[in-house]
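What follows is a set of notes on a single structure, which appears directly below.
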Amino acid sequence: EFSATEDPLAGSSITKVGVVGLGTMGAGIAEVLARTGLTVVAVDLDEEAVRRGRAHLEHSTARAVKRDKLSSDDQYDLFSRIRYTTTLSDLADVDLVIEAVPERMELKAEVFAELDRVCRPEVVLASNTSSLSVTELSVVTGRPGKVVGMHFFNPAPVLKLVEVVRTVVTEPDVVAAVVGFVERLGKVPVVIGDRAGFIANALLFGYLNHAVRMFESRYASREDIDAAMRFGCGYPMGPLQLLDLMGLDTAYEILDTMYHQSRNRLHAPAPVLKQMITAGLLGRKSGRGFYTYD
Ligand code: CAA
């Protein structure tokens, strides 16, 4: 029998965490983990991807320092807890892995199969996926009961929600341990089954899609649509600004997946979204979306 502190599944015994994929979400998640005092092994495909992830993290923590949310010493300590690598086998001794690679099932399945080979058998494998099936990911591993979703929100260092996704085969102890771990990060966990959109996106994306349709039909200007929701409803940013922040390609994928699963017209992606993506208007990350950025 393991005691609570020795039980490798108990949230409190997790000290070293792997993060796979260092895009916006992966870098943000690595920041949250390192800030909590955990050791992080941060993995991406090649040196360039690692460099971009590190730059993202430096920029984000610099913002926290500037806004008095983090001291320079703590920023330095945070950096020192992260080890960057391009080799997945460097995750052999971690206590938990959070995967945040691009939202393509083949890619994620490949990563999960490899993580299953590399990581100790009791280690929980979590995916930050926002719209793919966690169940499908779980069955490419030999430990489907230890696979969960851990869905963070962008920007991860700022937003407190983490949706913990359990499948029909996730072990109850694993869900409890992940919930405990999320609380340890200072975040707010909610537990949900494996359905596209989980809670927050299922509610949010009908609204965002409606805003795009309003814009598309020239019913109102982009500025006025955004101003209405900011100043009339107290949202921190308007729907078109938020779409630019999350990336139009990401938003399209989420809408499309939810639409295919539910057939609810609410989630049928507004046609202009696809046109903007084809034209390279992906939002902030490409310099232009509904708005233009320098
Ligand atoms: N660590 C800790 N705190 C940080 C930080 C960091 N790295 N970076 C910034 N902060 C703090 C700032 O100090 C600031 O706090 P105060 O207001 O107390 O000073 C706060 O976070 C906001 O930061 P900024 O001032 O830099 O930015 P802002 O005021 O312009 O707010 C925003 C930007 C946080 C993005 C805000 O507009 C917001 O919350 N927007 C909504 C975002 C949203 O809805 N995201 C969800 C998208 S859906 C999703 O992600 C799921 C999916 O699957 C696609």
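Which residue is farthest from the chain's Cα centre (by Cα), if the candidates are limited to the stretch 17-29 and must be hydrophobic (A, V, I, L, M, F, W, C) and within 17 Å of Lys160 (Cβ to Cβ)?
Ile29
With respect to Ala176, determine if the residue is buried (at least 21 other Cβ atoms within 10 Å of the Cβ) and either in a helix (DSSP H, G or I) or in contact with a Ser or Thr (Cβ under 8 Å, 6 or more places away or on another chain) (or both). The answer is no for Ala176. Of all the numbered requirements in (1) away from the ligand (no atom under 15 Å from the Cβ); (2) closer than 30 Å to Ile14 by Cα; (3) among the charged types (D, E, K, R), Arg213 misses one, and that requirement is (2). Only one of the numbered conditions (1) in contact (Cβ under 8 Å) with a residue 12 or more places away in the chain; (2) among the hydrophobic types (A, V, I, L, M, F, W, C); (3) surrounded by 15 or more Cβ atoms within 10 Å (Cβ to Cβ) is violated by Val168, and that is (3).
If the condition is being under 23 Å from the mean Cα position of the chain (by Cα) and outside any loop (DSSP other than H, G, I, E, B), then the stretch 281-294 contributes Gly283, Arg284, Lys285, Ser286, Arg288.
Within the stretch 220-236, not a single residue is within 16 Å of the ligand (Cβ to nearest atom), surrounded by 21 or more Cβ atoms within 10 Å (Cβ to Cβ) and assigned by TED's automatic domain parsing to the domain that holds Gly28.
Per the conditions (1) away from the ligand (no atom under 14 Å from the Cβ); (2) polar (S, T, N, Q); (3) surrounded by 15 or more Cβ atoms within 10 Å (Cβ to Cβ), the sole criterion not satisfied by Gln241 is (1).
Hey, could you check the stretch 107-153 for residues that are charged (D, E, K, R) and farther than 24 Å from Met258 by Cα and say which is surrounded by the most Cβ atoms within 10 Å (Cβ to Cβ)? Only one residue fits best here, namely Lys146.
When Thr141, Thr87, Thr170 are checked against the criterion of being more than 15 Å from the ligand (Cβ to nearest atom) and closer than 19 Å to Ala27 by Cα, a single residue qualifies: Thr87.
Any residue at all in the stretch 13-20 that's touching a residue at least 40 places away in the same chain (Cβ under 8 Å), among the basic types (Lys, Arg), over 23 Å from Val148 (Cα atoms) and not assigned by TED's automatic domain parsing to the domain that holds Asp256? No, there is no match, as no residue in the stretch 13-20 is touching a residue at least 40 places away in the same chain (Cβ under 8 Å), among the basic types (Lys, Arg), over 23 Å from Val148 (Cα atoms) and not assigned by TED's automatic domain parsing to the domain that holds Asp256.
Would you confirm, using the coordinates I've provided, whether Ala42 is in contact with a strand residue (DSSP E or B) (Cβ under 6 Å, 6 or more places away or on another chain) and more than 15 Å from the ligand (Cβ to nearest atom)? Yes.
The values are calculated or read from the model by the stated rules, or taken from the named source; none is laboratory data. None of the values given here were measured: they were computed from a predicted structure. Don't worry about glycine lacking a Cβ; one is built from the backbone with ideal geometry, like all the others, and counts go over all protein chains shown.
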